[in-house]
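Structure first, then comments.
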Amino acid sequence: MSGVFGVVSKEDCVTDVYFGTDYHSHLGTSRAGMAIWSGNNFNSLIHNIENTQFRAKFESDLPNISGNMGIGCISDTEPQPLTVRSHLGHYALTTVGKINNLDELADKAFTGRNMHFLETSKGTINPTELVSVIIDQESSFKDGLLKAQELIDGSCSILLLTPEGIYASRDKLGRTPLVIGEKEGAYCISFESCTFTNLGYRFKYELGPGEIVLITPDGIEKIVPAGDKMKICAFLWVYYGYPSSTYEGMNVEVMRYRNGAAMAKNDQVEIDMVAGIPDSGIGHAIGYSNQAKVPFGRPFIKYTPTWSRSFMPQDQDIRNLVAKMKLMPVPELVANKRLLFCDDSIVRGTQLGETVDLLYKCDAREVHIRPACPPLVFGCKYLNFSTSRSEMDLAARRAIIELEGREPENLDDYCDPAHEKYHRMVNCISERLNFSSLEYQNLPDMLDAIGIGRDKICTYCWNGKE
C-alpha cells in the first residue's frame with residue numbers, strides 16, 4: 001500500500017509536507033520520499049525506511065530544503081516521488097494503487113524507439129515511472145492524467161506537482177481516497193484526512209472517482225469532473241484506514257463501533273471479556289462490548305516502543321516472528337477466562353493461531369474469534385496492500401482445498417453464509433487454528449456499518465464480484 005500527501009502554500013510548506021507524510025506511516029514500511037518545489041527546481045529526497053521510522057530518516061534533511069509547494073509518499077513498494085523532465089516541463093509524481101497490466105503498457109511504450117525504463121533492484125519496473133511515461137506521451141497534464149486512468153487496469157490515484165501547483169487525480173472508480181484541506185494561505189491534499197487537525201487544516205473537499213483538480217496557493221480548479229460510478233475499498237474502514245480518518249462522510253472508528261455492535265447482536269456466546277487484536281481490531285471490539293454489555297479488556301498489550309508500526313516485513317517468517325514478539329500477554333487477565341477477540345480479518349491465520357496458542361498457555365479457558373468482515377476468499381486485484389499474498393495462502397482457500405481435495409471451479413457456495421459449504425469451511429478454519437468458536441461478520445451488516453450505499457463499495461475479496 002502507499003499513502004500520499006501534498007501542500008501548496010503562500011509560505012514555506014516543508015514542515016507541513018514532512019509531518020503530513022509521516023502521518024501515513026501506517027500505510028507502508030519500505031520507501032518514503034518528499035519532493036519540494038523551491039521556486040527554481042525540485043529538492044527530491046527518497047530514503048529506505050525498512051528498519052527505521054520516517055521522521056528519523058528525514059529530520060536531518062529539513063534544514064537544507066525550502067519551498068512553498070511539495071508532495072510526499074510512504075510506500076510498501078516502489079521509491080517515490082519521482083522527478084521528471086519532459087516536453088510538458090519539470091514535475092514530480094507520486095501514486096497509490098496497483099497496475100495489473102504494467103508489462104503490457106511498458107511493451108506498448110517500447111514502440112517509441114527511444115523509450116526505456118530503469119529497473120528496480122528486484123528487476124521490475126517502477127509503476128510510478130510507467131505512469132510518468134504515459135502522461136508524457138500526451139500534449140498536456142490533463143490529457144496525460146486522463147490517458148493514465150483510461151489505460152491502467154487496477155487502480156491509480158496520482159499527485160503531480162508542477163511549478164504552478166498540484167494536479168490531484170483520484171483513480172477512476174475511487175478505490176482510494178483523496179481529500180483536500182485548507183487553512184489560511186494554504187491547501188493540502190491527502191490520502192488520510194486525519195492529517196488535517198494537528199497541522200491546522202480544515203476539511204474542504206473530497207475528490208470523486210476519476211476527478212482531477214489543480215490546487216494552487218490561490219484556490220482549487222476543477223479540471224475533470226467526477227464520474228458517477230464508485231467502488232471504494234471497504235478495507236479502508238475495516239482494516240488499514242486510520243481510526244481518526246473519514247472517507248465519503250463515514251469515520252473509520254465510528255464504522256468499527258457500528259460494525260462490532262452488529263456482530264454482537266447476532267452472537268449468543270457466553271463470555272467474560274471482549275478484546276481487540278491490536279490495533280485495527282480494537283474499535284470493532286469496543287462496539288461489540290458496548291452492545292453485548294460485556295466488559296472490554298486488554299488481555300495482551302502491543303509493545304509499542306520498538307514494534308509501533310501496524311504493517312510488518314514482507315518475508316512471512318519474519319512477519320510471524322514480529323507478530324509473536326510484539327504482543328505481550330497479561331496472565332492475570334487471561335487465566336480461567338472465557339475470552340472473545342475481534343480482529344479486522346483472517347488472512348493466512350498463522351499469526352492469529354499463534355496468538356491463541358499463547359493465550360491457552362496462559363490458561364485461558366476459552367478463546368472465541370470474531371473477524372470484522374466475511375472470509376477472504378479472493379486476493380485483491382485492485383490495491384497493493386495484499387500483493388505479497390497468494391490466494392492459495394488465504395486461510396479460507398486452504399480450508400476449501402482441504403475439504404474438496406482440489407481447487408473447485410466455482411466458489412460461490414463458500415461465499416454464501418446460508419450454504420452448508422460455507423459452514424464447513426468456517427469450521428475447518430476454526431479447528432485448524434484451535435479456536436473455541438469462529439463466526440465471521442456477514443457482508444450486509446458490514447456494508448450497513450459503512451453506510452455509504454452498497455453499490456459504491458468494492459466487495460471483490462469476499463465474493464469475487466466487482
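The values are calculated or read from the model by the stated rules, or taken from the named source; none is laboratory data. Please read all numbers here as calculations on a predicted model, not as lab measurements. Using ideal geometry, Cβ is built from the backbone for each residue, glycine included, and neighbour counts are taken over all protein chains shown.
Go through the range 4-24 and give me each residue that's surrounded by fewer than 18 Cβ atoms within 10 Å (Cβ to Cβ) and either within 23 Å of the chain's Cα centre (by Cα) or closer than 19 Å to Val96 by Cβ (or both).
Phe19 - this is the single residue of the range 4-24 that is surrounded by fewer than 18 Cβ atoms within 10 Å (Cβ to Cβ) and either within 23 Å of the chain's Cα centre (by Cα) or closer than 19 Å to Val96 by Cβ (or both).
Within the range 178-199, work out how many residues are in contact (Cβ under 8 Å) with a residue 60 or more places away in the chain and of a type in the set (Asp, Glu).
Counting residues in the range 178-199 that are in contact (Cβ under 8 Å) with a residue 60 or more places away in the chain and of a type in the set (Asp, Glu) gives 1.
Listed here are the residues, each with its yes/no results for (1) modelled with pLDDT of 95 or more; (2) buried (at least 17 other Cβ atoms within 10 Å of the Cβ).
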position: Glu402; (1), (2): yes, no
position: Asn427; (1), (2): yes, no
position: Asn434; (1), (2): yes, no
position: Glu439; (1), (2): yes, yes
position: Leu443; (1), (2): yes, yes
position: Gly453; (1), (2): no, no
position: Cys458; (1), (2): yes, yes
position: Glu466; (1), (2): no, no
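Table: residues versus (1) in contact with a Ser or Thr (Cβ under 7 Å, 6 or more places away or on another chain); (2) part of a loop (DSSP other than H, G, I, E, B); (3) surrounded by fewer than 21 Cβ atoms within 10 Å (Cβ to Cβ); (4) of a type outside the set (Phe, Trp, Tyr).
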| residue | (1), (2), (3), (4) |
| --- | --- |
| Lys142 | no, no, yes, yes |
| Leu146 | no, no, yes, yes |
| Ser155 | yes, no, no, yes |
| Thr176 | yes, yes, no, yes |
| Glu182 | no, no, yes, yes |
| Ile189 | no, no, no, yes |
| Asn198 | no, no, yes, yes |
| Gly210 | no, yes, no, yes |
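With respect to Asn442, determine if the residue is within 16 Å of Ile346 (Cα to Cα) and under 23 Å from the mean Cα position of the chain (by Cα). Spell out how you get there, then give the answer.
Working: within 16 Å of Ile346 (Cα to Cα): yes; under 23 Å from the mean Cα position of the chain (by Cα): yes.
So Asn442 fits the description; yes.
Which of the following residues is without any contact (Cβ under 8 Å) to a residue 24 or more places away in the chain and surrounded by 15 or more Cβ atoms within 10 Å (Cβ to Cβ): Leu93, Leu27, Leu105, Leu45?
From the options Leu93, Leu27, Leu105, Leu45, the qualifying one is Leu45.
Which residue, of Met425, Met392, is under 24 Å from the mean Cα position of the chain (by Cα), in a helix (DSSP H, G or I) and not charged (D, E, K, R)?
Met392
Return the residues of the range 329-348 that are within 23 Å of Gly241 (Cα to Cα), in contact with a Pro (Cβ under 6 Å, 6 or more places away or on another chain) and either outside any loop (DSSP other than H, G, I, E, B) or not assigned by TED's automatic domain parsing to the domain that holds Gly283 (or both); say none if nothing qualifies. Lay out the reasoning, then the answer.
Initial filter on the range 329-348 (within 23 Å of Gly241 (Cα to Cα)): 341-348.
If we keep only those that are in contact with a Pro (Cβ under 6 Å, 6 or more places away or on another chain) as well, we get 343, 345-346.
The one that is within 23 Å of Gly241 (Cα to Cα), in contact with a Pro (Cβ under 6 Å, 6 or more places away or on another chain) and either outside any loop (DSSP other than H, G, I, E, B) or not assigned by TED's automatic domain parsing to the domain that holds Gly283 (or both): Asp343.
Can you pull out the residues in the range 417-466 that are touching a helix residue (DSSP H, G or I) at 6+ places or on another chain (Cβ under 6 Å) and of a type in the set (Asp, Glu)?
Asp445, Glu466
Output the residues belonging to the range 125-142 that are free of Cβ contacts under 8 Å to residues at least 40 places away in the same chain and either closer than 15 Å to Asn101 by Cβ or aliphatic (A, V, I, L, M) (or both).
Passing the criteria: Ile125, Leu130, Val131, Val133, Ile134.
Scan (1) among the hydrophobic types (A, V, I, L, M, F, W, C); (2) without any contact (Cβ under 8 Å) to a residue 40 or more places away in the chain; (3) touching an Asp or Glu at 6+ places or on another chain (Cβ under 6 Å) for the single condition Cys156 breaks and write down its number.
Answer for Cys156: the failing condition is (2).
Within the range 76-83, does at least one residue satisfy the condition of being in the same structural domain as Glu182 (by TED's automatic domain parsing), in contact with a Ser or Thr (Cβ under 6 Å, 6 or more places away or on another chain), buried (at least 24 other Cβ atoms within 10 Å of the Cβ) and of a type in the set (A, V, I, L, M, F, W, C)?
No.
Can you name the condition, by its number, that Pro305 falls short on among (1) modelled with pLDDT under 75; (2) surrounded by 16 or more Cβ atoms within 10 Å (Cβ to Cβ)?
(2)
What residue, among those in the range 405-416 that are surrounded by fewer than 16 Cβ atoms within 10 Å (Cβ to Cβ) and in contact with a helix residue (DSSP H, G or I) (Cβ under 9 Å, 6 or more places away or on another chain), is nearest to Asp445 (Cα to Cα)?
Here the residue is Asp416.
Every residue in the range 231-277 that is of a type in the set (Asp, Glu) and either outside any loop (DSSP other than H, G, I, E, B) or buried (at least 22 other Cβ atoms within 10 Å of the Cβ) (or both), please.
We begin by selecting, within the range 231-277, every residue of a type in the set (Asp, Glu); these are 248, 253, 267, 270, 272.
The one that is of a type in the set (Asp, Glu) and either outside any loop (DSSP other than H, G, I, E, B) or buried (at least 22 other Cβ atoms within 10 Å of the Cβ) (or both): Glu253.
All but one of (1) assigned to a helix (DSSP H, G or I); (2) surrounded by fewer than 24 Cβ atoms within 10 Å (Cβ to Cβ) hold for Pro163; which doesn't?
All conditions pass for Pro163, except number (1).
Can you pull out every residue in the range 21-46 that is out of contact with any Asp or Glu (no Cβ under 9 Å at 6 or more places or on another chain), at pLDDT 95 or above, over 17 Å from Tyr91 (Cβ atoms) and not charged (D, E, K, R)?
The one that is out of contact with any Asp or Glu (no Cβ under 9 Å at 6 or more places or on another chain), at pLDDT 95 or above, over 17 Å from Tyr91 (Cβ atoms) and not charged (D, E, K, R): Thr21.
Looking at Lys122 and the list (1) at pLDDT below 95; (2) in contact with a helix residue (DSSP H, G or I) (Cβ under 7 Å, 6 or more places away or on another chain), which single condition is not satisfied?
Against the list (1) at pLDDT below 95; (2) in contact with a helix residue (DSSP H, G or I) (Cβ under 7 Å, 6 or more places away or on another chain), Lys122 comes up short only on (2).
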